1. Please state which of the following conditions A378 fails to meet, knowing it meets all the rest: (1) touching a Lys or Arg at 6+ places or on another chain (Cβ under 9 Å); (2) surrounded by 18 or more Cβ atoms within 10 Å (Cβ to Cβ); (3) under 21 Å from A317 (Cβ atoms).
2. Would you point out which residue out of L366, L379 is more than 27 Å from L474 (Cβ to Cβ) and in contact with a strand residue (DSSP E or B) (Cβ under 7 Å, 6 or more places away or on another chain)?
3. Output the residue which, of all residues in region 324-351 that are open to solvent by 30 Å² or more (accessible area, probe 1.4 Å) and small (G, A, S), is farthest from the chain's Cα centre (by Cα).
4. Does any residue of region 302-323 turn out to be in a strand (DSSP E or B) and open to solvent by less than 20 Å² (accessible area, probe 1.4 Å)?
5. Say we look at region 45-56 and pick out the residues that are surrounded by fewer than 19 Cβ atoms within 10 Å (Cβ to Cβ) and more than 18 Å from D102 (Cβ to Cβ); which of these is farthest from the chain's Cα centre (by Cα)?
6. Could you please tell me which pairs satisfy a Cβ distance under 8 Å, a separation of 6+ or placement on different chains, a first residue in region 550-561 that is farther than 15 Å from D329 by Cα, and a second residue that is modelled with pLDDT under 95 and open to solvent by 70 Å² or more (accessible area, probe 1.4 Å)?
7. So which residues in region 162-192 are open to solvent by 60 Å² or more (accessible area, probe 1.4 Å) and closer than 19 Å to L209 by Cα?
8. With the condition kept exactly as written, say whether any residue in region 119-129 is of a type outside the set (A, V, I, L, M, F, W, C), within 30 Å of G288 (Cβ to Cβ) and in a strand (DSSP E or B).
Amino acid sequence: MPFFAALKIVEEPPAPAFDRNAAEVAMDLLPIAAAVVALGPTGLQITLSNVAFRRLGLGTEPIHCALTRDLGDALVTFLNGDSPREQRGWRTGDTVEQRWFDVTFARIDNGHSPRCLVTLVDQTRGMRTEASLRREMSTDSLTGLPNRAGFGDLLEARIGTGLTNYAVLVIDLDRFGRVNSCLGSMAGDEMLITVARRIKGSLRGGDVLGRIGGDEFSVLLETGGDRAEASRVARRIQKLLSTPVRLSDFEIRITCAIGIAFGAEETDDAEDVIRNAQFAVRRSKETGQAEAYDTRALDRARERFGMETALRRAIEAEQLQLHYQPICDLATGRIVAFEALARWTAEDGSEIAPADFIPVAEESGLIVPLGRWVIDQALRTLAAWDSRSGGKLDVQMAVNVSPIQLQRDRIPPLVTGALAAHGLAGSRLKLELTESALIADPDGNAEILRALKATGATIAMDDFGTGYSNLAYLQQLPIDTLKIDRSFVTGMMADRDKIAIVRAVLSLATALGMATVAEGIETSAVAQTLSALGCTYGQGYHFSRPLPAEQAYELLVASSS
């Protein structure tokens with residue numbers, strides 16, 4: 001029998017009749033947009049869609065349908081695969097009218113051509129609300145500029161696209177708080193809007209301006225490898241802002257500090273770049289010109305923070321010491337007082353100079369507890385010397401009072417309490433305050449000084465001649481002693497100008513009825529010259545270096561014998 005005769009021809013049963021009307025009715029019952037997509041010989045076909053699908057304007061012709069145009073490849077892959085279900089997001093439309101959908105493909109197995117049910121859940125309203133909230137959260141409501149979060153996001157996005165040659169400028173306005181407090185918040189807002197407009201006008205089209213703080217603006221510049229461009233833009237901004245702004249009945253001249261940080265080399269993190277620029281603002285405030293971020297400055301700042309932590313622990317554990325430098329009568333050489341000077345030996349045994357830790361103490365506010373400790377410890381030492389000598393060694397103790405402590409602490413009751421605690425008369429204490437501290441607030445300080453004078457303590461103006469004293473205020477303040485700064489004493493024998501300055505200070509002190517102390521005396525020739533010029537007292541290495549309490553006491557006993 002021929003081979004072909006052995007084959008049994010089996011005809012494929014015809015496909016069941018498709019009731020399209022019933023299917024359309026069923027589809028239209030779905031509350032969400034849906035369509036049946038099939039993969040036929042000619043490609044994708046939308047064989048059925050419901051009313052919601054058509055109302056979206058998606059159409060039923062594959063060539064005109066956004067669904068098959070945007071998700072055609074995904075649909076073909078799904079229909080050719082074996083997965084029963086797949087979900088994805090879909091955004092369609094132009095920038096003016098965009099729509100967002102959650103799309104689900106669900107396979108329909110009917111034994112014929114691959115097909116699936118596509119359902120669309122419209123998320124447009126929720127996405128628009130979310131985008132609006134995100135926009136509000138990243139936009140400054142006053143100026144319409146990106147705020148801190150928005151500027152950071154934009155910078156992060158630029159970095160993500162491969163941007164490397166760029167700079168971030170942070171512009172910090174001076175005196176904005178005074179404008180707000182004196183002229184009102186409306187004037188302050190007007191000033192900020194004017195500043196934003198001026199800065200925007202100085203930038204190029206691709207540059208980004210943001211407002212990242214109350215009085216802080218930021219700029220993202222593409223430098224093209226030319227770092228000098230950032231400095232040129234900074235100078236342009238400062239010049240534009242210098243034109244006075246009319247607010248109410250006043251013309252306000254805006255000044256600012258500008259910090260610059262460059263990306264890529266230092267860091268690729270957007271927040272780090274912004275912080276680096278803000279850090280550079282601090283130096284700009286000191287120099288008055290735009291300053292670029294310097295990693296060494298950050299290292300120094302970290303060192304200062306480390307020193308602050310260690311100093312706080314040392315003060316709490318009373319690990320500092322006082323050394324005492326004698327102040328001598330230039331005519332007789334007799335010790336009349338000691339100046340108490342703080343000394344700090346770190347836990348590793350290293351000596352930390354006062355020039356290093358005193359500024360840290362003042363900046364951090366630790367100068368207040370440190371100053372209290374110095375006053376108490378110095379008077380404690382003086383009382384102990386009295387006890388050992390039987391009260392025969394009548395010397396004063398001089399203590400420095402920081403301008404910060406003068407502002408923040410209640411010095412008069414502190415002095416009264418310390419004197420009472422150690423059984424000492426107020427006349428045994430001399431308080432040394434710098435010229436700049438006293439002249440900064442003469443009216444307020446005059447009241448404090450009068451309260452201190454009421455305790456019996458004497459007042460000395462330290463470092464006289466290095467500041468900008470107003471002689472009228474100097475006459476009004478209850479000052480007993482002027483201390484001539486060492487800068488005028490050192491090298492005075494070879495400098496006629498220094499001798500002239502010293503002579504003028506001595507004449508002024510005599511006219512005002514004040515005693516004088518010259519600092520930094522290192523030779524007997526200088527001591528004799530100062531005495532001949534009329535200076536009363538002196539201190540310096542010619543007499544003695546600062547000494548620990550025991551050695552200072554021995555020197556005092558030897559001087560008195």
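1. (1)
2. The conditions single out L379.
3. Looking at the filtered set, the residue picked out is A331.
4. Yes: one or more hits.
5. Out of the qualifying residues, it is T47.
6. Y553/R388
7. T164, N165, D189, E190
8. No, region 119-129 has no match at all.
The values are calculated or read from the model by the stated rules, or taken from the named source; none is laboratory data. Source: prediction; values computed, not measured. Reconstructed Cβ throughout: ideal geometry from the backbone, glycine too, with neighbour counts over all protein chains shown. Note: areas computed on protein heavy atoms with side chains; ligands, DNA, RNA excluded. Shrake-Rupley method; radii C 1.70, N 1.55, O 1.52, S 1.80 Å.
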